[in-house]
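S.K.: Have a look at this one before I ask anything.
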Amino acid sequence: MSTPETPAAPTPAAAAVAEVRSPLSDGEWHRLHPLTPLMKGGLFLVVVIGIVVTNLRDRLIAVFLPGMADEYEYAGDPVDYIIANDLLILAALVVLGVLVVLLAIFWLSWRFHTFRITGDDVEVRSGVLFRTHRRAPLDRVQGVNLTRPMIARILGMAKLEVVGAGLDANVKLEYLSTPNAEAVRGDILRLASGRQLAEARRETTGSARGRAAAVVSAGITGLIEGEEGADDHPASVVHLPPGRLIGAHLMSGSTIWLLLLVVGVVIGSVIGTPWLLFSIVPALIGFGAYWFRQITRSLRYSIAPTPAGVRITFGLFTTITETLPPGRIHAVEIAQPLLWRGLGWFRIRVNRLSGRAATDSSSQQFSDVLPVGTRADVDRVLRLILPGLPGDALPVVLERGILGPVADDPYTNTPRRARGLRPLSWRRNGFLLTPDALLLRSGVLRRALVVLPLARLQSIRLSQGPVDRALDVANITGHTVLGQVSGSLGILDRAAAVTLWTDAAAAVTAASSRDHSHRWGTTPAEPTAIDVPPAHPAAIDVPPAQPAAIDVPATEPVAIVAPPAEGSP
Amino acid sequence: MTISPDQPTPASDSPTTTDATVAAPTGGDEALDAGTYDAIVEPRSENRLPLGDGTWHQISRKYIVVQLISHALFLALVIAAAVVLGLVLDQAWVWIPAGVVVVVTLATLIVLPRQARSIGYQLRGDDLVFRRGILWQRMVAVPYGRMQLVDITHGPLDRGFGIAQLKLVTAAAATGVTIPGLTQAAAERLRDTLIDVAETRRTGL
């Protein structure tokens, strides 16, 4: 099992040749794993075989269990016809022909399915009759996912998905052998980061031979532990025991619904017909399947820092390893449902561009960064996914933000006069604007804290309805990319909300102008330039030259204390 | 009209600020203000969201004409359908839904003129601000660098009156800034300006 992907028609390589380590990402066109069509067309074959078997069921019974066959005569049965007319050879030839044609189609589709990784893009060409050519610019890469479904894992293959910014914008390389997929992932992330090449070259030397050896053993180790190659496998910072995971799911809102349903059914069967009791069975089966799916997809969870970003792995049967480069997280929510409070558990969800269609069922899966964890876990995960957050800001997030209002906390809360609109949570419902993030705290029964990194915020809305106006309050919504985290917070003091809206708008501009995470590996050319806020203070003294300077809203006061968030975790 | 040099964007900041001369247009642009309303209608309460400083641009007076015509056409269609069904085909039930639709449309028509006067937008140094609504006030600030594309649409009726609708698209679907009833010239001018400014302030997603 050597590297199966052979170079296709050699095209002039882009400038990236010398920068990368894997032979697959040298800027030339390459093919995918030869078993790819089987994996993709495998389902089709299974369906065909299923149809054939179903139609020949009676005959198969007759062949293998002669006693059980009834004596019905199949008029016009093709098998009878073939036997009767001595056409066995012809029939075998036809079957053979169909197989050859299928194989030829598979082979053609494999041959025409090529990919190329240059210094600027990832490109995939596919299709025999209808050609598609998809190209994704590397500086817009939102992440790289490595997916290994059960069967592919047994065969030592993996699917690589380069996540783009948009709906259905992913570039999929399916399938590659697992070591190749890992090498390509590393290359893509390194190229996307724009890291200096000398650096990249330094760490590559001598790994080619080791990788060849790894290929051989990959199938075996993959079968046993299903984990990454040892060199590529950083230790997880969070250990998630299966017991906690199961407990967390059992104590979620769906359990309450199940209990309510059971109570309802019991009452209904007592009052009405007892037959209603039987409807519990399908409900239980449904819930069981739901829990099973939820739990298995979160098992084998790990989260770890890598030079290219945070690496999150999850899934028992289909294992997904996603790599999130810095600055790809658009919103973070730390939440604690009511039932988890006694146990001190939290969940962390994020909004990110998953490059999938909105209807894709797996989008929820991709939004859970920490399915359930203790406070220490939350602390560690937040440090990973919000590297821009200064260390001393974490208490603001944790103690004051999640665990609720404390004395002299910096959050601006709902005013007392409007407590009718937030009868329980008005003491907690509040916001805090830092130079890097907008923090929104809400909820008493379900405590939640939303962190919106300003460098990613798309727009900010300030709104007020008639009731709000009567109480002199207003609502704020920070718009981020589509996801499960909502950035809205209602019922804030009007003056405070207006100030927040103005300040946040200016802070967003400032934060995004010092954000370099689209090429996170490049250190900003002159980091010192950031520390000198007004580059030319004298210019202000030249009034006629800058008449528009007056129109510029006050962006200057925003303290530029934190270095840009491009730092690696 | 230049970006003042005391912006926090460092000069080393890649191509984004190399061309610091493209300006965010400020007030006094003829194309934007030709044939528009001249005062924004606000709620009377003191607790309303303040307009703040800066020049507000408003939408064309023709917008309301187009809206009246299209609503009237819709009303006529509903009434005609109801009459045919109710009188000719003897379907008495049809008066209920038809009545509801007519009442709702008439109510919309009544608030429409005031609503149109409440729509405004402001081109600030770093972002565009859009506001609308009287009973339900809404203000959205969109930084120029966040714009992914700018859409201009106009239907046949809009074309007849020379107005267009401009839509700003960011990576967030919820941003939803759609400025209706701009004059053709204003829409194109605004689009070109926005694209120019967005180009110089391009940021990551």
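The values are calculated or read from the model by the stated rules, or taken from the named source; none is laboratory data. Owing to the predicted nature of the structure, the values given are computational and were not obtained by experimental measurement. Please note: Cβ atoms are built from the backbone with ideal geometry, for glycine as well, and neighbour counts cover all protein chains shown.
S.K.: Give just the number: which of (1) in a strand (DSSP E or B); (2) within 10 Å of chain B (Cβ to nearest Cβ); (3) without any contact (Cβ under 8 Å) to a residue 40 or more places away in the chain does A:GLY478 not satisfy?
M.R.: Among (1) in a strand (DSSP E or B); (2) within 10 Å of chain B (Cβ to nearest Cβ); (3) without any contact (Cβ under 8 Å) to a residue 40 or more places away in the chain, A:GLY478 violates only (3).
S.K.: Take A:ARG441 and decide whether it is buried (at least 21 other Cβ atoms within 10 Å of the Cβ), assigned to a strand (DSSP E or B) and modelled with pLDDT of 90 or more.
M.R.: Details: buried (at least 21 other Cβ atoms within 10 Å of the Cβ): yes; assigned to a strand (DSSP E or B): yes; modelled with pLDDT of 90 or more: yes.
Judged against the criteria, A:ARG441 is a match.
S.K.: Can you tell me which residue among B:ALA72, B:ALA82 is out of contact with any Phe, Trp or Tyr (no Cβ under 9 Å at 6 or more places or on another chain) and in a helix (DSSP H, G or I)?
M.R.: Numbers: B:ALA82 fails: out of contact with any Phe, Trp or Tyr (no Cβ under 9 Å at 6 or more places or on another chain).
Matching residue, one of B:ALA72, B:ALA82: B:ALA72.
S.K.: How about region B:163-175: which of its residues are over 12 Å from B:ILE59 (Cα atoms) and either over 10 Å from the mean Cα position of the chain (by Cα) or in a helix (DSSP H, G or I) (or both)? Outline the logic, then answer.
M.R.: Taking region B:163-175 first, the residues over 12 Å from B:ILE59 (Cα atoms) are B:167-175.
Scanning region B:163-175 gives B:VAL169, B:THR170, B:ALA171, B:ALA172, B:ALA173, B:ALA174, B:THR175.
S.K.: Also: Within region A:110-131, identify whether any single residue is touching a residue at least 24 places away in the same chain (Cβ under 8 Å) and assigned to a helix (DSSP H, G or I), and answer yes or no.
M.R.: Yes.
S.K.: Would you be able to tell me the number of residues in region B:114-128 that are more than 10 Å from chain A (Cβ to nearest Cβ) and more than 14 Å from the chain's Cα centre (by Cα)?
M.R.: Within region B:114-128, the first condition is being more than 10 Å from chain A (Cβ to nearest Cβ), and the residues that meet it are B:114-122.
Now drop any that are not more than 14 Å from the chain's Cα centre (by Cα), which leaves B:114.
Residues flagged as more than 10 Å from chain A (Cβ to nearest Cβ) and more than 14 Å from the chain's Cα centre (by Cα) within region B:114-128 amount to 1.
S.K.: Whether any residue in region B:122-140 is of a type in the set (A, V, I, L, M, F, W, C) and farther than 28 Å from B:ASN47 by Cβ is what I want to check. Spell out how you get there, then give the answer.
M.R.: Taking region B:122-140 as the starting set, the residues that turn out to be of a type in the set (A, V, I, L, M, F, W, C) are B:123, B:128-130, B:134-136, B:139-140.
Imposing the further condition that a residue be farther than 28 Å from B:ASN47 by Cβ reduces the set to none.
So far as region B:122-140 goes, no, none of its residues is of a type in the set (A, V, I, L, M, F, W, C) and farther than 28 Å from B:ASN47 by Cβ.
S.K.: Give region A:302-332 a look and list any residue that's in a strand (DSSP E or B), within 15 Å of the chain's Cα centre (by Cα) and not aliphatic (A, V, I, L, M), or say none.
M.R.: Matches in region A:302-332: A:SER302, A:GLY309, A:ARG311, A:THR313, A:PHE314, A:THR319, A:THR321, A:GLU322, A:THR323.
S.K.: If only one of A:ARG135, A:ARG202, A:ARG125 is over 17 Å from A:THR36 (Cα atoms), basic (Lys, Arg) and at pLDDT 85 or above, which one is it?
M.R.: It is A:ARG135.
S.K.: Also, I was wondering about something else. Among the numbered criteria (1) outside any helix (DSSP H, G or I); (2) at pLDDT 85 or above; (3) within 30 Å of A:THR509 (Cα to Cα), which single criterion is violated by B:SER45?
M.R.: It is condition (3) that B:SER45 fails.
S.K.: Would you pick out the residues in region B:86-143 that are aromatic (Phe, Trp, Tyr) and not in a strand (DSSP E or B)?
M.R.: Going through region B:86-143, the residues aromatic (Phe, Trp, Tyr) turn out to be B:93, B:95, B:121, B:130, B:136.
Within region B:86-143, B:TRP93, B:TRP95, B:TRP136 qualify.
S.K.: Name the one entry in A:PRO435, A:PRO410, A:PRO371 that is more than 14 Å from every other protein chain (Cβ to nearest Cβ) and surrounded by fewer than 20 Cβ atoms within 10 Å (Cβ to Cβ). Don't jump to the end; show me each part of the working.
M.R.: Working: A:PRO435 fails: more than 14 Å from every other protein chain (Cβ to nearest Cβ); A:PRO371 fails: surrounded by fewer than 20 Cβ atoms within 10 Å (Cβ to Cβ).
That would be A:PRO410, the only listed residue that is more than 14 Å from every other protein chain (Cβ to nearest Cβ) and surrounded by fewer than 20 Cβ atoms within 10 Å (Cβ to Cβ).
S.K.: Here's a follow-up. Where residues in region B:129-178 are surrounded by 18 or more Cβ atoms within 10 Å (Cβ to Cβ) and charged (D, E, K, R), which of them is farthest from the other protein chains (Cβ to nearest Cβ)?
M.R.: B:ASP158
S.K.: Would you confirm whether or not region A:187-194 contains a residue that is β-branched (Val, Ile, Thr), touching a residue at least 40 places away in the same chain (Cβ under 8 Å), crowded, with 17+ Cβ neighbours inside 10 Å and within 14 Å of another protein chain (Cβ to nearest Cβ)?
M.R.: Going residue by residue through region A:187-194, those that are β-branched (Val, Ile, Thr) are A:188.
Next, from what is left, pick out any that are touching a residue at least 40 places away in the same chain (Cβ under 8 Å): A:188.
Going one step further and asking which of them are crowded, with 17+ Cβ neighbours inside 10 Å, we end up with A:188.
With within 14 Å of another protein chain (Cβ to nearest Cβ) added as a condition, the list becomes none.
The answer is no; no qualifying residue exists.
S.K.: For region B:41-63, how many residues are in contact with a strand residue (DSSP E or B) (Cβ under 8 Å, 6 or more places away or on another chain), under 20 Å from A:SER463 (Cβ atoms) and away from every other protein chain (no Cβ under 14 Å)?
M.R.: 2
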